[in-house]
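The values are calculated or read from the model by the stated rules, or taken from the named source; none is laboratory data. Please read all numbers here as calculations on a predicted model, not as lab measurements. With ideal geometry, Cβ positions are generated from the backbone for all residues, glycine too; neighbour counts draw on all protein chains shown.
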Amino acid sequence: MSIHRLKIISVRNHKEAEFFFSRGVTVIWGENGSGKTAVLEAIHMISIGRSFKTHRQRELINVENNELFIQGDFSNNNQEDHVASSVAKTSGQIIKLNGKNIHSRKELLGRNIVVVLSPEQQNITKGAPEERRRFFNKIFSVVSPAYFGVLQDYNRALKQRNAALLQLRENTVKDSDLQSWTPILALNGLKLWDLRRQLMHQFKSTLGTILSKFDRDIELEILYNPRQSNEEQYQNKLEKNITRDVVLGRTEHGPHRDNFILNWAGKNIKSYGSQGENKLCLILLKLAELFFVKEKTGKTPILLLDDLFAKLDLERCKKIVNLLQGFDDFSDDSLQTIVTTTDLINIENSGLMLSSGNHRTYHLKR
């Protein structure tokens, strides 16, 4: 899988730019503020329908304009995709796939897959539980349409129940209106827990393989214990918590409250990990994501590395590159990597460009 061409208009500080990417490694370098990360954001936007830095797509629009436009050409085996996205301050986002409007990100998800590693994602290890839920929900949705479907059904039922809780608190609906969402929420919650447990077991196996190849001395463990029960017990738990839920205005029991604990050397990295340990943990999770997606879908994702090698020692940089080189042995399709950096020499010393006989560089200026 690869992206050949990207055209962007009014994206961040880019008024208009066009990029042609190598099937191997493309390096985009320049000083901070030159628009390197915006290029990766644009690729991510036409891959899954949104930026990896913000959920408000209007934030990407150049301050001098009212609309942005992104256009890209992908290929995957014999499949060619032309994807375009526009975002206007007044009318929102429109996405076209091969000339036809799409009405849901579901139509894009899993089609042209990217794995992105950016400093903005450090909240996966350092942030609140919802950051880790979002991380794993995205991965599992990409590799499993069934998971994505159940997640959507669960979130719809949860939204309706939460709305009913607020209305009940304000005495605008009856208790029976709230109760009507309980069996639907319980059914989809149990399905989601079951699928999440299965996929997490498989992801842990992939992570173990990555750790054994990167550094056997690193102890990284994901602790996940879903509070599974049968449907009757689930409904009883929801009914038991109604008084508290009404006061809070939200449902407190269910997979939307799951926590994934990342233990580094036996300790919760969120509470006890150093800056370096958190960064390395994120890198290892992302490498596991890359291999896991390939295992589950048969597609080789496009790898987007945003300033990966900054503040990382040369030995670890080379270990990462060696792992990426090993991906080509694992896959029938070569890995396309697009990397941003402020220091081209650092990338050259890592061996990343040498690992691919096919590479290209772009120098951006402020």
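Here are a few things to note about the model shown:
- Meets criteria (modelled with pLDDT under 95 and over 26 Å from Arg244 (Cα atoms)) for Leu117: yes
- In the range 72-85, the residues that are closer than 16 Å to Ile9 by Cα form Cβ pairs under 6 Å with partners that are aliphatic (A, V, I, L, M) and part of a strand (DSSP E or B), at six or more places apart or across chains, as follows: Gly72/Ile3; Gly72/Leu6; Gly72/Val83; Val83/Leu97; Ser85/Ile70; Ser85/Ile95.
- Here the range 164-174 is the region considered, the condition is being touching a residue at least 60 places away in the same chain (Cβ under 8 Å) and touching a helix residue (DSSP H, G or I) at 6+ places or on another chain (Cβ under 7 Å), and the residue that is surrounded by the most Cβ atoms within 10 Å (Cβ to Cβ) is Leu165.
- Of Ile210, Ile184, all but one fail to be surrounded by 15 or more Cβ atoms within 10 Å (Cβ to Cβ), within 24 Å of Lys294 (Cα to Cα) and not hydroxyl-bearing (Ser, Thr, Tyr); the exception is Ile210.
- Set Arg244, Arg197, Arg250, Arg216: member being modelled with pLDDT of 95 or more and not hydrophobic (A, V, I, L, M, F, W, C): Arg197
- Filter result for Phe135 (surrounded by fewer than 21 Cβ atoms within 10 Å (Cβ to Cβ), of a type outside the set (D, E, K, R), in the same structural domain as Lys191 (by TED's automatic domain parsing) and at pLDDT 95 or above): yes
This table checks each residue for (1) farther than 18 Å from Leu109 by Cβ; (2) within 22 Å of the chain's Cα centre (by Cα); (3) assigned to a strand (DSSP E or B); (4) in the same structural domain as Glu348 (by TED's automatic domain parsing).
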{"position": "Glu16", "(1), (2), (3), (4)": "yes, no, yes, yes"}
{"position": "Asn32", "(1), (2), (3), (4)": "yes, no, no, yes"}
{"position": "Val39", "(1), (2), (3), (4)": "yes, yes, no, yes"}
{"position": "Arg58", "(1), (2), (3), (4)": "yes, yes, no, yes"}
{"position": "Ile70", "(1), (2), (3), (4)": "no, yes, yes, yes"}
{"position": "His82", "(1), (2), (3), (4)": "no, yes, yes, yes"}
{"position": "Ser86", "(1), (2), (3), (4)": "yes, yes, yes, yes"}
{"position": "Lys96", "(1), (2), (3), (4)": "no, yes, yes, yes"}
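- Residue among Ser47, Ser22, Ser2 that alone is over 20 Å from the mean Cα position of the chain (by Cα), closer than 23 Å to Leu305 by Cα and either in contact (Cβ under 8 Å) with a residue 40 or more places away in the chain or not assigned by TED's automatic domain parsing to the domain that holds Asp333 (or both): Ser22
- Applying the criterion of being in contact with a Lys or Arg (Cβ under 9 Å, 6 or more places away or on another chain) and more than 30 Å from Ser22 (Cβ to Cβ) to the residues of the range 68-101, the residue that is modelled with the highest pLDDT is Ala88.
- Some residue of the range 268-276 being under 23 Å from the mean Cα position of the chain (by Cα), part of a helix (DSSP H, G or I) and either of a type in the set (Lys, Arg) or surrounded by 13 or more Cβ atoms within 10 Å (Cβ to Cβ) (or both): yes
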